[in-house]
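Below is one structure; the comments refer to it alone.
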Amino acid sequence: MEVTEENLATLANYLQQTLNLDPNIRRPAEKFLEGVEVNQNYAILLLHLIDKDSADLTIRVTAAITFKNYIKRNWPVEEDGVDRIHASDRATIKTLIVSLMLKSPVGVQRQLSDAVSIIGKSDFPEKWPGLISEMVEKFGTGDFHVINGVLRTAHSLFKRYRYEFKSQKLWEEIKHVLENIAKPLTDLFVATIDLTSKHANNPQALKVIYGSLVLICKVFYSLNLQDLPEFFEDNMSVWMPNLLNLLQVKVPCLETDDEGVMEQLRTEVCECAALYALRYEEEFAPYAPAFVNAVWQVLLTTGADPKYDALVSNALNFLSKVAEKNNYKSLFEDPATLSSICEKVVIPNMQFRESDMELFEENPEEYVRRDIEGSDVDTRRRAASDLVSTLSVYYEDKMMSIFGQYVEMMLNKYVESGGSAWVGKDTALFLVTSLASRGATQAAGVTKASALVDLTSFAANHIQHITGRGVVCTYAACTVEKLIAGKMVPREVLEPHAPALLSALFASLGQQDNPSEHNEYVMKAVLRTLAVLREAALPYLGEALPKLAGMLAVVAKNPCKPHFNHYLFESLSLAVQLVVKSNPNAITAFEDALFPIFQEILQNDVQEFMPYVFQMLSLLLEMRGSGAGGAGDAGAEAYAALLPCLVAPPLWEQTANVRPLVRLLCAFVATRSERVLADGKLNAMLGVFQKLIASKTNDHEGFYLIQTMLYKFGESVMQPYTKQIMSLLFQRLSSSKTTKYIRGLIAFLGFFSAHYGADTLIDLVDSVQGNMFAMYVERVLVPDLQKVTGELEIKSAAVGCVKLLCDSRHFREGGLARLWTPVLQALIDLFQLPPDETTSPEDHFIQVDDLPGYQPQYAQLSCAKSNTNDPLASIDDPIRYLAESLATVSRTYPGLLPPRVSALDEPHRKTLHRYLTVYNVQLC
């Protein structure tokens, strides 16, 4: 596709048609664009159309959106995927996009900024080293349309520093960024603040200028989060006073009814200050008192309007971070200060507002979720609660005395008003729980309470009489679940109340055919209760199971509540385990009830539920076992009919399906091996293994599958395929040597050696390529054995090494004898030293949102986990196995071992002698 006026006009015409409401016009245009996007110059044509001033702005924006989506789908390439963008197009895009983005209209600029961020995530800095310097050059233009485009892109690029795990690669990237942007950003910060004075009488200019300061603060925060950069530490005298001034400055002409730029700016400043107060206490100490005073004034002068919520939350969060630090305790210990905090800051921000009532009435589930779990943006109430909890840790007696007075006052007012002053009581309840909390986890809620608060008495006097459904029911269910999860209600205490509790919970689930009544907190409480009761829950499952199955049939048609759905599948899985363990014949009842629903889910391609279905099918198949399933067995035939679908490629294209599908195939191999062979599906399974082992993401699943096949099918079935299997494994090793793959390969070859013999393994590997096993030992096994992790993996690797050392003719008298001592030393290191956590340069992480299209996430069903089958169960202690195997070699080949043991390094020799002594072994 050449960049010509004719092609540009054609492209613009098809983009125009994609905006048409008539599907008969729109869909063919969309199909055409999908078809031509693989052509060289397609993306370049889009960029030229975006740059065409004479083109209609709507078309330019549409082209920008199309370009961004094209980049999102195609720029990141999986290690085993196909690159759909020509190399020359990639280079041209990176040459054009920044300058085009910065000169484009705002609507276009935002789309191209997102595209730059997507490209940067894959290519920056290694494949795009000039990106930052190219953007920073634009700071000197003085054009804030351009400058804000740069800042917006910089924020999008750097915000991942806020959550990335520390690594050498990350440090190197941040160092590169800081070297190029820290000083220009600081200079821009100062120059932009100066402009606020020069344009004090121009509201439109001020809005743009303060918008730039918001973006500068966002970038500053990202660059400072991992560690305090030396440049910013040296320039705190520039940043901190200016940030403090921005927190205090008033710009009346920018006040708006909605959240405006000044609220956004103060919110960002509070977040930066909180970061420094928490992470860099010593460096921030000189500025802390002034910031505390300024933040205090912000809280006192900021109203209750929702537009201030983010600002107030960040301001309260700052005070919480400051209060945690010993250096700042003097700022809070005065009783008058604590009283003022309670009256003027905490209580006003804990109060139930009109906006809370609107949310409560319109979306009660969201209200509860925010209150119980928090939300992406903390609520005022939660931020105020966190401040109270922090202060209570350090000033408990004073807090209880001072804040207790306010609690009593609000409760008395509620009683005196006959209940009309319920807002005060609601605030009092929230304040008491904040004061009482001394420890909490996300799973169990509050796990430790203050001894100074009698929660039992308080609940009896002020809470217990509250009744109602809906939100109140949700809080009650959540309380039950947290009490059980925190082991505050053990099984023996729960059992007598089980009938009433389960009856109430199931009644609270609402109508099974009405998804709007499906309450995730009640479902979670049901699951938690059943999990604790275990066998004691069996009498109640007969009534519960039809209701649960009916709910599954309903939600399968519209999976709109993911948490509820997950707990529902967990409850069904647990019920299968409990009932079938008690009565194996009950498996058919579960299959009769669930198979039609599963069939509908699979036929309708309900992607959210397919990973769950595969896990439950695995559980049912494993619990059914290999004993049942003869001719005429309907259940067995249903599984057999499913098998051809499981090896079909389309199912494996969804990332979330891979792990549960591997598990299901392994369940077939373990329980229906003869049927798999009879149906001719062995080659199809080997094809699945080949695809998995080629993928950095899924290679561990490939090892799991092929190990199960070798273990269950046996040598007679698998021998014709073993050379090809080894060939694939070593091809992958040569093409992509990641740490995860090395671990898996060492453990797998250890398993193979243990089951098929050490010399069988060596001869097989060398049949692929001469002397390959020696290279494997020298380059992989010895240097990387200590990287193996996982109990069963370490055991397989260790037993495999013992087989090489003690059973192999090649290691005893052949060309590999020279490697005997290095292998034993590596094995002793595996036993004695912690895992080697160094990584390979080829390691990388694939972000889920980099994958094209919709991707449901895989969620493990804890109640459907398989019992891990140890293929080396006969060996309980690998160290003992080593000592006893060496004893056998010593008796069979006298004089062979002493010189080899003497060749060990002294520390390894001493450790080996200790092993031999413990197990009464003497070498001769």
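Here is how the numbers come out for the structure above:
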| read-out | value |
| --- | --- |
| First in the stretch 341-363 and among the basic types (Lys, Arg), second anywhere and part of a helix (DSSP H, G or I), Cβ under 7 Å, 6 or more apart | Lys344/Leu300 |
| Scope the stretch 105-142; condition farther than 23 Å from Asn74 by Cβ and surrounded by 21 or more Cβ atoms within 10 Å (Cβ to Cβ); matching residues | Ile132, Met135 |
| Tally of residues being free of Cβ contacts under 8 Å to residues at least 40 places away in the same chain and either assigned to a loop (DSSP other than H, G, I, E, B) or hydroxyl-bearing (Ser, Thr, Tyr) (or both) across the stretch 117-128 | 3 |
| Answer residue from the stretch 15-27, given it is surrounded by 13 or more Cβ atoms within 10 Å (Cβ to Cβ) and either of a type in the set (A, V, I, L, M) or not in a loop (DSSP other than H, G, I, E, B) (or both) and is farthest from the chain's Cα centre (by Cα) among those | Ile25 |
| Flag for Ser222 being closer than 21 Å to Gly142 by Cβ and not acidic (Asp, Glu) | no |
| Any hit, the stretch 281-304, residues being within 26 Å of His155 (Cα to Cα), in contact (Cβ under 8 Å) with a residue 60 or more places away in the chain and not hydrophobic (A, V, I, L, M, F, W, C) | no |
| Of all residues in the stretch 34-55 being in contact (Cβ under 8 Å) with a residue 24 or more places away in the chain and among the acidic types (Asp, Glu), the one that is nearest to Ile85 (Cα to Cα) | Glu37 |
| Meets criteria (over 29 Å from the mean Cα position of the chain (by Cα), modelled with pLDDT of 85 or more and surrounded by 18 or more Cβ atoms within 10 Å (Cβ to Cβ)) for Ala537 | yes |
| Hits in the stretch 129-154 (condition: free of Cβ contacts under 8 Å to residues at least 24 places away in the same chain and small (Gly, Ala, Ser)) | Gly130, Gly140, Gly142 |
| Filtered residues of the stretch 173-187 (kept if in contact with a helix residue (DSSP H, G or I) (Cβ under 7 Å, 6 or more places away or on another chain) and of a type in the set (Lys, Arg)) | Lys183 |
| Residues located in the stretch 799-849, provided they are farther than 18 Å from Ser167 by Cβ and modelled with pLDDT under 80 | Val848, Asp849 |
| Qualifying residue in the stretch 744-765 (condition: more than 27 Å from Asn869 (Cα to Cα), in a helix (DSSP H, G or I), among the charged types (D, E, K, R) and free of Cβ contacts under 8 Å to residues at least 40 places away in the same chain) | yes |
| Helices (runs of 4 or more DSSP H) enclosed by the stretch 143-245 - at least 3 residues per element that are surrounded by 18 or more Cβ atoms within 10 Å (Cβ to Cβ) and not β-branched (Val, Ile, Thr) | 144-158, 168-198, 203-225 |
| Unique match (being out of contact with any strand residue (DSSP E or B) (no Cβ under 6 Å at 6 or more places or on another chain) and closer than 27 Å to Ser767 by Cβ) among Pro720, Pro660 | Pro720 |
| The stretch 603-647, subset surrounded by fewer than 17 Cβ atoms within 10 Å (Cβ to Cβ) and in a helix (DSSP H, G or I), residue modelled with the lowest pLDDT | Ala634 |
| Lone unmet requirement of (1) surrounded by 19 or more Cβ atoms within 10 Å (Cβ to Cβ); (2) within 25 Å of Ser420 (Cα to Cα); (3) touching a residue at least 24 places away in the same chain (Cβ under 8 Å); (4) within 34 Å of the chain's Cα centre (by Cα) for Ala323 | (2) |
| Among (1) polar (S, T, N, Q); (2) modelled with pLDDT of 85 or more; (3) in a helix (DSSP H, G or I); (4) exposed (fewer than 14 other Cβ atoms within 10 Å of the Cβ), the one test that Thr427 misses | (4) |
| Any hit, the stretch 709-726, residues being free of Cβ contacts under 8 Å to residues at least 24 places away in the same chain and aliphatic (A, V, I, L, M) | yes |
| Residues of the stretch 451-481 classified as of a type outside the set (S, T, N, Q), part of a helix (DSSP H, G or I) and either modelled with pLDDT under 85 or farther than 16 Å from Ala525 by Cα (or both), total | 10 |
| Any hit, the stretch 540-560, residues being in a loop (DSSP other than H, G, I, E, B) and either hydroxyl-bearing (Ser, Thr, Tyr) or surrounded by 17 or more Cβ atoms within 10 Å (Cβ to Cβ) (or both) | yes |
| Subset of the stretch 24-42 [touching a Phe, Trp or Tyr at 6+ places or on another chain (Cβ under 6 Å) and either closer than 18 Å to Gln109 by Cβ or among the small types (Gly, Ala, Ser) (or both)] | Ala29 |
| Number of the exception - Ala323 against (1) at pLDDT 90 or above; (2) touching a Ser or Thr at 6+ places or on another chain (Cβ under 8 Å); (3) among the small types (Gly, Ala, Ser) | (1) |
| Tally of residues being loosely packed, with under 11 Cβ neighbours inside 10 Å and either touching a residue at least 60 places away in the same chain (Cβ under 8 Å) or among the hydroxyl-bearing types (Ser, Thr, Tyr) (or both) across the stretch 892-917 | 2 |
| Scan of the stretch 783-828 for residues that are in a helix (DSSP H, G or I), over 44 Å from the mean Cα position of the chain (by Cα) and among the aliphatic types (A, V, I, L, M), ordered by number | Ala817 |
| Flag for Phe748 being buried (at least 17 other Cβ atoms within 10 Å of the Cβ), under 29 Å from the mean Cα position of the chain (by Cα) and under 16 Å from Phe689 (Cβ atoms) | yes |
| Lone unmet requirement of (1) at pLDDT 85 or above; (2) buried (at least 17 other Cβ atoms within 10 Å of the Cβ); (3) closer than 23 Å to Arg353 by Cβ for Leu494 | (3) |
| Hey, Ile341 modelled with pLDDT of 85 or more, under 25 Å from Tyr280 (Cβ atoms), more than 33 Å from the chain's Cα centre (by Cα) and crowded, with 16+ Cβ neighbours inside 10 Å or not | yes |
| Some residue of the stretch 694-702 being touching a helix residue (DSSP H, G or I) at 6+ places or on another chain (Cβ under 7 Å) and within 25 Å of Val823 (Cα to Cα) | yes |
| Failed criterion for Pro348 (all others in (1) at pLDDT below 90; (2) under 20 Å from Met400 (Cα atoms); (3) not polar (S, T, N, Q) hold) | (1) |
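The values are calculated or read from the model by the stated rules, or taken from the named source; none is laboratory data. What you are looking at is a predicted structure, and each value in this text was computed from that prediction instead of being measured. Cβ: placed from backbone, ideal geometry, glycine included. Neighbour counts: every protein chain shown.
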